[in-house]
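A short worksheet on the structure shown next.
The values are calculated or read from the model by the stated rules, or taken from the named source; none is laboratory data. Every value quoted in this text rests on a predicted model; they were computed, and no experiment measured them. Note: ideal-geometry Cβ built from the backbone for every residue, glycine included; neighbour counts use all protein chains shown.
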Amino acid sequence: MATLVSVVIPAYNGAEFIGESMRSVFGQSLPPAEIVVVDDASTDETVTRVREIAATAPLPVKLIKLPANHGAPAEPLNIGIRAASGEVIALLDQDDLFETQKLEHLVSVLEDLADIDFVLSDYYELDAAGRRQGGCARELWGGVYSRLIYAPGGTNIIPGPLCLSAFIQECGLPRSCSNHCFRRSLWSRIGGFDPSFGPIADYEFALRAIVGKMAWVDRELFGKRKHDRSLWRPSSSNSLAVLKAQRTACVRAGCPGHMRRHAIAKTRAMMWGLRQDRKWYRAFEQVLMLLRMGAPIAAAVEAIKTAIDAVSPRSLSRWLRAALQSRRTSPRANSADGREVRLGQHSARG
């Protein structure tokens, strides 16, 4: 009996691209049993567009409308997977495109290898208009891939520790939930997608999924679209979430020394940036993470640096300038007895 495959698409204000993405699923050489679209309270015409496409679709399309937006795709993904009927789940971002043989290649790996639960592939990037940009991920990140790929153009079984080492370094391996194809049983076993990781929940899921081993198909099987409205954007909060996911994976997997040293070095670099931005609370959170990684000396050094920097003349002068500036620009009024009174926000409105 053929393996049942469900394609799950989390959607939010994706009316511009979602039709093209769904059609890339319709054209698969191995058609899935269904598409499950989970709309995260879109404010554009996404739902209308999906319904129009579903009316003439060559395969079943389930549309789930969520009453409130979750701010990130983790919970919509979990809801869509729970509603799916397939034993294999393939994820697709609302703006990405599957190559015609994507499902055929990835599902055949899961059918042939009973001990593999998670399979990824190479990919390429698209601009907003759907035009290819540059080479494939392996060409862009050759140093990492040279340690992982022994069967160019074919299927590569990669041990978990080696793959985790590559995931934690700057590489292009997951990069998109469109690169996730896994057994539904894996999703149940490791606890699904964690909403606390926001836009990088797919990456954090991959770090848990690759424990043991995984498969990499060395073919360009999907296109990842880059545009101004992409959910992932460089920010300190997203960088902190990535660091948290990586360090937790290191602690959980008992990673070898070089991976631990790499994670500690990235943590200390992040702490320097947090101190520059005067985000003291966040910096002390990183001290606790260093302790979790078994780096008490590094934690003590960074804690002292943070404490000194927080009370340094430079920091105090910044605080004083900000306070004086706030005082100069605050609205004032005189009370009936002639004393100066600062108007609060509610008084000013009245």
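So the values come out like this:
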read-out: Qualifying residue in region 66-84 (condition: touching a strand residue (DSSP E or B) at 6+ places or on another chain (Cβ under 7 Å) and farther than 26 Å from GLU204 by Cα); value: no
read-out: Any chance LEU110 is surrounded by 17 or more Cβ atoms within 10 Å (Cβ to Cβ) and under 25 Å from GLU20 (Cα atoms); value: no
read-out: Neighbours by Cβ (under 6 Å, 6+ apart or cross-chain): first from region 127-148, outside any strand (DSSP E or B); second modelled with pLDDT of 75 or more; value: ASP127/GLN133; ALA137/ASP122; ALA137/TYR123; ARG138/ASP122; LEU148/ILE158
read-out: Region 39-71: number of residues that are assigned to a helix (DSSP H, G or I) and of a type in the set (Ser, Thr, Tyr); value: 2
read-out: Residue in region 72-89 that is without any contact (Cβ under 8 Å) to a residue 60 or more places away in the chain, surrounded by fewer than 19 Cβ atoms within 10 Å (Cβ to Cβ), assigned to a helix (DSSP H, G or I) and among the small types (Gly, Ala, Ser) present; value: yes
read-out: Tabulated pairs, region 4-32, first in contact (Cβ under 8 Å) with a residue 40 or more places away in the chain and surrounded by 16 or more Cβ atoms within 10 Å (Cβ to Cβ), second part of a helix (DSSP H, G or I) and among the basic types (Lys, Arg), C-beta under 7 angstrom, 6+ apart or interchain; value: ILE18/ARG49; GLN28/LYS102
read-out: Flag if SER196 is more than 30 Å from LEU274 (Cβ to Cβ) and at pLDDT 80 or above; value: no
read-out: Counted residues, region 33-71 - those being surrounded by fewer than 17 Cβ atoms within 10 Å (Cβ to Cβ) and among the polar types (S, T, N, Q); value: 4
read-out: Test: residue in region 75-85 that is modelled with pLDDT under 95 and polar (S, T, N, Q); value: no
read-out: Checklist (1) under 17 Å from ALA15 (Cα atoms); (2) of a type outside the set (Ser, Thr, Tyr); (3) touching a Lys or Arg at 6+ places or on another chain (Cβ under 9 Å) applied to ILE89, failing item; value: (1)
read-out: In region 90-109, residue nearest to ASP44 (Cα to Cα) [restricted to those that are assigned to a strand (DSSP E or B) and touching a Phe, Trp or Tyr at 6+ places or on another chain (Cβ under 7 Å)]; value: LEU97
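Here's the yes/no breakdown for (1) under 20 Å from VAL107 (Cα atoms); (2) within 22 Å of the chain's Cα centre (by Cα); (3) of a type in the set (Gly, Ala, Ser); (4) assigned by TED's automatic domain parsing to the domain that holds LEU186:
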| site | (1), (2), (3), (4) |
| --- | --- |
| SER24 | yes, no, yes, yes |
| LEU30 | yes, no, no, yes |
| THR43 | no, no, no, yes |
| VAL47 | no, no, no, yes |
| LEU63 | no, no, no, yes |
| ASN69 | no, yes, no, yes |
| ASN78 | no, yes, no, yes |
| GLY86 | yes, no, yes, yes |
| ALA90 | yes, yes, yes, yes |
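To keep it simple, each residue is scored yes or no on (1) modelled with pLDDT of 90 or more; (2) more than 20 Å from the chain's Cα centre (by Cα); (3) in a helix (DSSP H, G or I); (4) not assigned by TED's automatic domain parsing to the domain that holds PRO152.
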position: MET214; (1), (2), (3), (4): yes, no, no, no
position: ALA241; (1), (2), (3), (4): no, no, yes, yes
position: ALA245; (1), (2), (3), (4): no, no, yes, yes
position: THR267; (1), (2), (3), (4): no, no, yes, yes
position: LEU274; (1), (2), (3), (4): no, yes, yes, yes
position: GLU285; (1), (2), (3), (4): no, yes, yes, yes
